[in-house]
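The values are calculated or read from the model by the stated rules, or taken from the named source; none is laboratory data. If you're wondering where the values come from, they're calculated on a predicted model, not measured in any experiment. We place every Cβ from the backbone using ideal geometry, glycine too, and count neighbours over all the protein chains shown. Remember, those area values only see protein heavy atoms, side chains included, never the ligands or the DNA or RNA. Shrake-Rupley method; radii C 1.70, N 1.55, O 1.52, S 1.80 Å.
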Amino acid sequence: MGIDAWLSIAAVVAVLGTLVFTRIAPDAILVGAMAFLIFTDVLTPQQALAGFANTGVMTIAALYVVAAALKETGAIKWIASLLLGQPSTLRRAQWRVMLPASVLSAFMNNTTVVAMFIPAIQDWSGRLRLPPSKLLLPLSYISILGGTCTLIGTSTNLVVDGLLQSRHGISLGMFELTWVGLPILIVGGGFILLFAGWLLPQRDGTSSQLDQIREYSVEVDVQAGGPLVGKSIAEAGLRNLQFGYLTDIQRGDELMAAVPPETKLQADDTLIFVGAPECARELREVRGLVPTNGNVQKLEIAHHRRCLVEAVISPDFTAIGQSVRESRFRSRFQAVILSISRHGRRLEGKLGDVEFQVGDTLLLETGQQFVEQYRYRKDFLLVSQLNDSTPPNFQKAPLSLGILGVMVLLSATNLTSILEAAFLAAGAMLVSGCLTMGKARRYIDLSVLIVIAASFSLGTAMSESGAARAIAEQVVGQIHTPWLALLFVYVMTVLFTEMITNNAAAVLMFPIAMAVSDQLGVDFMPFVIAVTIAASASFMTALGYQTNLMVMGPGGYRMHDYLKLGVPLSLIVGLVSVTLIPLIWHF
């Protein structure tokens, strides 16, 4: 191998190590690697930047807008409410969840599907008295499997399609992947349906978390000179709150417990309430009461502009490993943490000493703009306002689903390319009012697009420098049969996707797969399909696929829960894939 090949391999190794062992943002890592390849003359600027003009990347950008419209119109909630129903057993409930999720994930971003289903399943499981831990991980896994069924089911499929178009002028059809995607969906879904109830723990997850979080202490002071001084508890309207109840009054050095309703309030009394998060909001609406918490008083937001928000910390949160006090959370986010839960359990001890971890669920008091400001940023996986007063526009839901159907029809019948169909659908969503331009901009995840586009430079470097061919020669020297080589490519892609992003895994393995097929003198399509399927087959860790991490807190899962169900599921999906692929796309 020449110096360019060694530099390419060094760049790939550096990217893998940095992604696995640091918290540096993936887009910064990939752009840095791309710049390195340009500075060392491994690639020309035109070659390195070609990914930003790739049709697959632009199709993903357009589909972000389509998915955003489906979410804003409540189309997913509308379908979920029609199909979830009132099942009488856990297995029937799992079936009711998995069926719509798998179908929707085949035609839109599965992250959006899971994000919309999580709160619906939490409420639904509570009414049915079923543990959400038996439902949410199956939701994530089935959405991943559903995404393998069509070209637009996941961004990974579109990335590989873009690579095929740029390197070989070949494009995958809308339902070409269905030949292998549908069987693994049926087999994998059947395994989940049969064994998830047995292998997954019985935990209440976020329902339990929120019950515990909602039973937190809310302290307020009686404002001196305010309208409540001299009134009894009953006269002040504090006896029959909807979301909490008064437990104690701190008056100077005296703690008054189990106070009767006729107790007169005095200036500077500290009232201690226990109740749901909404209790804090309810007390803020009582004139004459002011928050006791010093941090809440320091929050530079008018009381009438505050709200309660739940947020789940993502791997990209910059204060992971720091305590609440060290992180200066209030100053950075203009929000005060009221409580933290982890793995379905409320954290005890002083709040300021708690160190942040990935998946922690925060209960915040903040401004009304917090949800819009941080919903699309990488600090938090999920951000939701309690009792959101802005419901989806369900009247537009049938229209948005109709536009999606037309997009699929246009692409499936080859009347237009998938890129053209996606742009037409995105434009129709905007023109019809299913989505505003402002929200469309916020929904387009530029960091993901940058990661995908920049990772193309690594694949190009591996191919152009001869590094991929050298690796392929080593593989073929040890493995002489196409089927074993296919198995090797599949397994390596799965390992990469469990460690790094699924799109980066596909881009890195694509040139190696092509070189292996070339060395064996066989058709490259089976190897391309293997990379496509394996890059999405992340079931063994919470960090391997974003939807797995999204359900971790709400389901109360721990790392070993993913292994219990994910390892056998990964083996089953892999076995079915490497068996079917050579039968459908012959070597």
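Kindly report, to the nearest 10 Å², the accessible surface of Arg328 as traced by a 1.4 Å probe over protein heavy atoms only.
The accessible area comes out at roughly 150 Å².
About its Cα centre, what dipole magnitude does the range 1-159 give when the only charges are +1 on Lys and Arg Cβ and -1 on Asp and Glu Cβ, stated in debye to the nearest 20?
1040 debye
Per-residue counts of other Cβ atoms within 10 Å, averaged by peptide: what ranking do you get for 481-490, 533-542, 219-228, highest first?
533-542, 481-490, 219-228
Please state the charge dipole magnitude for the range 406-537, taken about the Cα centre, from unit charges on C-beta atoms (+1 on K and R, -1 on D and E), reported in debye and rounded to the nearest 20.
460 debye
How charged is the neighbourhood of Ala68? Take every other residue with its Cβ under 12 Å from the Cβ of Ala68, and add Lys/Arg as +1 and Asp/Glu as -1.
The answer is +3.
Working from Cα positions, state the angle (0 to 90°, nearest 10) between the long axis of helix 90-105 and the longest principal axis of the chain.
With rounding to tens, the tilt is 60 degrees.
Helix 525-536: angle to the longest alpha-carbon principal axis of the chain, degrees 0 to 90, nearest 10?
Tilt relative to the chain: about 10 degrees.
Where does each of 173-180, 504-511, 158-165 land if you order them by average Cβ count within 10 Å, highest first?
504-511, 158-165, 173-180
Go through 492-501, 253-262 and give me the packing order, highest mean Cβ count within 10 Å leading.
Listed from highest to lowest mean packing, they are 492-501, 253-262.
Can you tell me the orientation of helix 55-72 relative to the chain, as the angle in degrees between its alpha-carbon axis and the longest Cα principal axis, to the nearest 10?
Value to nearest ten degrees: 30.
Per-residue accessible area for Lys396 at 1.4 Å probe radius, Å² rounded to 10?
Counting only protein heavy atoms, the figure is 60 Å².
Could you work out the relative contact order of the chain, using alpha carbon pairs under 8 angstrom and six or more residues apart, expressed as a whole percent? Intermediate values should be presented prior to the final figure.
On the way: 1071 pairs, mean separation 125.8, N = 587.
Reported as a whole number, the value is 21 percent.
Ignoring any ligand, DNA or RNA, what whole percent of the accessible area of the range 442-587 comes from carbon and sulfur when the probe is 1.4 angstrom?
The C+S portion of the solvent-accessible surface of the range 442-587 is 68 percent.
Tally Lys and Arg at +1 and Asp and Glu at -1 over the other residues with C-beta under 15 Å from the C-beta of Ala5: what net charge comes out? Numbers along the way, then the final one.
Values: positive: Arg469; negative: Asp4, Asp41, Glu464, Glu473.
Counting the neighbours of Ala5, the net charge comes to -3.
Just report the Cα centroid separation between the range 406-445 and the range 512-587, whole Å.
Using only Cα atoms to place each centre, the spacing works out to 29 Å.
Provide the net charge surrounding Ile529, with neighbours chosen by a C-beta distance below 13 Å and charges set as Lys +1, Arg +1, Asp -1, Glu -1. Working shown, then result.
Numbers: positive: none; negative: Asp161, Glu176, Asp523.
With Lys, Arg at +1 and Asp, Glu at -1, the net is -3.
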